[in-house]
């Protein structure tokens, strides 16, 4: 996990831990945290959001279980999802090719290096775990451009060293590991066709007598993966999500730097090269050094319409806020779109973690907000072509 991702997780969980009002003993509440981090839609009336639930344990968070929710066109409901006996099952992202084929990926067991990749499959009726290669590591993202081709990316974790980027491939029958010799990790993957995909991550290289982390972009051309130039070299940054509507249009979203200030960023692929694209940033009263913005998910319908979602965090004396952040691509520029926060704690510890658009008038976004007792709960929103609104969502309670 990079420092940026660690910082994001710590901010959300520390805010949640500090948000319990006086007289509400969080440790005795019959509640659990609900955290959804990935989403994909097979149709306007069938979408899945995936993540995990976990509890407050004596020595930190514990008892992780997979969480999958299903959108039926009007509301979200929890569906059964497989878990291992270890009590450490996590799902991160999901991708669907049809109403009867979806995959979700994550990891099972303790965090690297002792965990192993976890992949579950939707067959149109239920979710079940599928066999995966026996490696140590985790999977962060996946994309399925067809029923016979999916790529899942993440991090292979040996017993020593930084590990390598991990790429697993679905060929319609089974999952296999593909070679990726770069020392580092992969965050995101996005495909326009079965012969055109991008993957992004971090490449650890040795420069000036020490190890440095450089942004890495790889291209799948239908037969192999190869490194291609990235869109920007401005400091350390990460692209957390990629969405391609065609071979000549892709967008990548993420954030610059791995410490405060951290600003959201976007990259654009025009069919020839990646370039950095300027994005607006919310006005804040805080010093820039106390701002942490990130767009962790992007979804594009075509070259003139994309939505990116994430969160805006700022800290001023005696106050700190985390709010939802949504930006829209109109074909030439990104603009901030007003998005609601959770209830009953609007404007505090809110974050969107995934967005999926099936058309310019229909997008879904999911994330988290803190309830009054300090437990993270699901925040679900719907775009109707004009505005975002909160829609009913479900939470596991024990």
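Points to keep in mind about this one:
- Among the residues of segment 348-398, those identified as within 17 Å of residue 77 (Cα to Cα) and not in a strand (DSSP E or B) are 391, 392, 393, 394, 395, 396, 397, 398.
- Looking only at residues in segment 359-372 that are over 11 Å from residue 307 (Cβ atoms) and buried (at least 16 other Cβ atoms within 10 Å of the Cβ), the one that is farthest from the chain's Cα centre (by Cα) is 371.
- Residue in segment 319-335 that is touching a strand residue (DSSP E or B) at 6+ places or on another chain (Cβ under 9 Å), touching a residue at least 12 places away in the same chain (Cβ under 8 Å), part of a strand (DSSP E or B) and closer than 22 Å to residue 70 by Cβ present: no
- The set of residues in segment 179-219 that are in contact with a strand residue (DSSP E or B) (Cβ under 7 Å, 6 or more places away or on another chain), in a loop (DSSP other than H, G, I, E, B) and modelled with pLDDT of 95 or more contains only 194.
- The lone criterion from (1) at pLDDT below 85; (2) more than 30 Å from residue 156 (Cβ to Cβ); (3) in a strand (DSSP E or B) left unmet by residue 77 is number (1).
- When residues of segment 46-78 are limited to those that are under 16 Å from residue 119 (Cα atoms) and over 17 Å from the mean Cα position of the chain (by Cα), the one surrounded by the most Cβ atoms within 10 Å (Cβ to Cβ): 64
- The numbered conditions (1) modelled with pLDDT under 95; (2) part of a strand (DSSP E or B); (3) under 20 Å from residue 249 (Cα atoms) are all true for residue 232 except (2).
- Flag for residue 222 being at pLDDT 95 or above, in contact with a strand residue (DSSP E or B) (Cβ under 9 Å, 6 or more places away or on another chain) and outside any strand (DSSP E or B): yes
The values are calculated or read from the model by the stated rules, or taken from the named source; none is laboratory data. Because the structure is predicted, anything quoted here is derived from the model rather than measured. Note that each Cβ is placed from the backbone with ideal geometry, even for glycine, and that neighbours are counted across all protein chains shown.
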